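Enquirer: Would you mind keeping the following structure in view while I ask a few things?
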């Protein structure tokens, strides 16, 4: 009998930099879903990858002094390494620079053009480079990008446009008749009320102001808009062909069963992407789930603050399965989750070391102590057995229900309820009391058999979430992997099996102070790297209402008075030879000129700097950066993505003016 297919994807990661744990949560969640669907017996295809084109990439590569392809090769490698380190079992890691993908994007664009859905025109509006999006003045929020809150710049260029309104009514009808399409429901309401019902404007789908993109093959001064390029990976990666020669794999897998994405890109996946598919006469994906964010202690992560948490650091301190457990268990269904080193340590000790690790160790140790490791069913039952068995045999369907509803944390809780019940069973049956006389020996054997069987059921259900740990448990117990249907039966463990005589400590307890000592070294290294790369103070702030600002230790006014802040005028600026980060500015301050080296090459060209009035810390002790003396510091503001903006006076002030 042919297996039922299940095709799921993550959003492909943008190759602008190394992703932190908040970015990596999605790939772990998708992997757990894929593994659970395989446990259910489905034929799963799991696709992830990287989004590698666009103006932001071109600018970052230029600032780094390398080609865009070299830049994305490096970052895509980092992203893939993180996926692999988190034990993510994807079937294809697609890159939008893959030749088969680029070829099909050109075909898709041409097909839409020939159908009349794309036309040539020109665009004039406000452009957000990080989001690769044009906006009208009315769409801006406080004059900034409505998606990310960053600055936008006026832009005008020739472009191709997609007729979004042509399919808008059809999409509205589809969403209304398919309530499962956009989840959670709050995301659906947002899309309908804020975008679809007010009316869709035609979408710019090509650019001419940069070159790093897939060329429009019939008009090669244009490159394909990054979202048309990126979104289409979901079909090109499984063999779609716009000329009608799609592979058997595509015909079997499409439509996708699930697009798993962050809530910040829900609009692209539930408005743009469905309309693109309608243009191609393809069915829409069955569900788009916009998951919440994972925040560091309630605030977004920033390298300059030293509060970025990376997956590789977490894995080094806690192990891969502990990281997977935390991000899956601590993320609410519809609200943002929180991760801190302290919370991670607490959950590691309470759930993994105490509930799971201690249970497995105690059970194996007692089996060896009382029966030389042999686990046998004697049929001598007791009053607590039925409840233990009920909890174990009912768990599979409870987990399935929560997984179907995308309540990942609740599904994992149901698995751990099996282990909690096993621990309670030990307290109820008191094996150490039964072992005191021969009359209790057969009952003791049955108790230990029930414990091993319960743990085996739990380990099988645990495998999608914590695969390495589940395998270790089954190996130590000499248990077997079971089909999903068998997880609702109790008594499958083969009586008379001998468990290991040397159980491995799955999760050794950790002291918070030891963890935080290591964290201090990690954070200090982050700050030092940031300052070294950028040549600016990492003590920067942002004016976003979303940012929680941690106050530093209070200082006396005399301490502050020692710092001399002045307005400086940049009269010359040039790149620092052999440096990918640094600019050297000549800054006029009253009747003197200072030379200041700053790590802002990624954000400003030398010619843009000349003539700007900036805030300068004048009496900073001079230092040599890349062999050049720097006589002060130009101050910048930094957003949560690490982007910098020069601090400039609101009004035109003379150079040398004091800043009070």
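The values are calculated or read from the model by the stated rules, or taken from the named source; none is laboratory data. Since the model is a prediction, treat every value here as computed from it, not as a measurement. Heads up, the Cβs are rebuilt from the backbone with ideal geometry, glycines too, and the neighbour counts pull from every protein chain shown.
Enquirer: Which condition breaks for residue 131 when tested against (1) buried (at least 19 other Cβ atoms within 10 Å of the Cβ); (2) closer than 14 Å to residue 209 by Cα; (3) out of contact with any helix residue (DSSP H, G or I) (no Cβ under 8 Å at 6 or more places or on another chain)?
Expert: The single condition residue 131 does not satisfy is (2).
Enquirer: Let me ask something else about it. Which condition breaks for residue 243 when tested against (1) surrounded by 17 or more Cβ atoms within 10 Å (Cβ to Cβ); (2) touching a helix residue (DSSP H, G or I) at 6+ places or on another chain (Cβ under 8 Å)?
Expert: (1)
Enquirer: Moving on. Taking segment 14-54 as the search range and keeping residues that are modelled with pLDDT under 95 and either in a loop (DSSP other than H, G, I, E, B) or at positive phi (or both), which one is surrounded by the fewest Cβ atoms within 10 Å (Cβ to Cβ)?
Expert: Of everything passing the filter in segment 14-54, 17 is surrounded by the fewest Cβ atoms within 10 Å (Cβ to Cβ).
Every residue, every condition in (1) part of a loop (DSSP other than H, G, I, E, B); (2) under 24 Å from residue 39 (Cβ atoms); (3) not assigned by TED's automatic domain parsing to the domain that holds residue 474, yes or no:
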position: 360; (1), (2), (3): no, yes, no
position: 367; (1), (2), (3): no, no, no
position: 378; (1), (2), (3): yes, no, no
position: 382; (1), (2), (3): yes, no, no
position: 387; (1), (2), (3): no, no, no
position: 399; (1), (2), (3): no, yes, no
position: 403; (1), (2), (3): no, yes, no
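Enquirer: Does residue 460 satisfy the criteria of being buried (at least 24 other Cβ atoms within 10 Å of the Cβ) and in a helix (DSSP H, G or I)?
Expert: Taking the combined requirement at face value, the residue satisfies it.
Enquirer: Could you say whether any residue in segment 225-240 is surrounded by fewer than 16 Cβ atoms within 10 Å (Cβ to Cβ) and part of a helix (DSSP H, G or I)?
Expert: Within segment 225-240, none of the residues are surrounded by fewer than 16 Cβ atoms within 10 Å (Cβ to Cβ) and part of a helix (DSSP H, G or I).
Enquirer: Answer yes or no: is there a residue in segment 159-172 that is surrounded by fewer than 19 Cβ atoms within 10 Å (Cβ to Cβ) and closer than 21 Å to residue 290 by Cβ.
Expert: yes
Condition check ((1) within 28 Å of residue 287 (Cα to Cα); (2) under 31 Å from the mean Cα position of the chain (by Cα); (3) assigned to a helix (DSSP H, G or I); (4) assigned by TED's automatic domain parsing to the domain that holds residue 236) across all residues:
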| site | (1), (2), (3), (4) |
| --- | --- |
| 71 | no, yes, yes, yes |
| 82 | yes, yes, yes, yes |
| 93 | yes, yes, no, yes |
| 146 | yes, yes, no, no |
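Enquirer: Could you please let me know if residue 277 is surrounded by fewer than 22 Cβ atoms within 10 Å (Cβ to Cβ), free of Cβ contacts under 8 Å to residues at least 60 places away in the same chain, under 27 Å from the mean Cα position of the chain (by Cα) and closer than 30 Å to residue 121 by Cβ?
Expert: Judged against the criteria, residue 277 is a match.
Enquirer: In segment 119-132, how many are under 32 Å from the mean Cα position of the chain (by Cα) and either in contact (Cβ under 8 Å) with a residue 24 or more places away in the chain or assigned by TED's automatic domain parsing to the domain that holds residue 269 (or both)?
Expert: Residues flagged as under 32 Å from the mean Cα position of the chain (by Cα) and either in contact (Cβ under 8 Å) with a residue 24 or more places away in the chain or assigned by TED's automatic domain parsing to the domain that holds residue 269 (or both) within segment 119-132 amount to 7.
Enquirer: Going through segment 133-144 one residue at a time, which ones are outside any strand (DSSP E or B) and closer than 19 Å to residue 198 by Cα?
Expert: 136, 137, 138, 139, 140
Enquirer: Please specify each residue of segment 605-659 satisfying the condition of being at positive phi and without any contact (Cβ under 8 Å) to a residue 12 or more places away in the chain.
Expert: Across segment 605-659, the qualifying residue is only 627.
Enquirer: Would you confirm whether any residue within segment 646-655 is surrounded by 13 or more Cβ atoms within 10 Å (Cβ to Cβ) and not in a loop (DSSP other than H, G, I, E, B)?
Expert: Yes.
Enquirer: In segment 245-352, which strands (runs of 3 or more DSSP E) lie fully inside it and hold 2 or more residues that are closer than 27 Å to residue 204 by Cβ?
Expert: In segment 245-352, 258-262, 288-291 are the strands (runs of 3 or more DSSP E) which contain 2 or more residues that are closer than 27 Å to residue 204 by Cβ.
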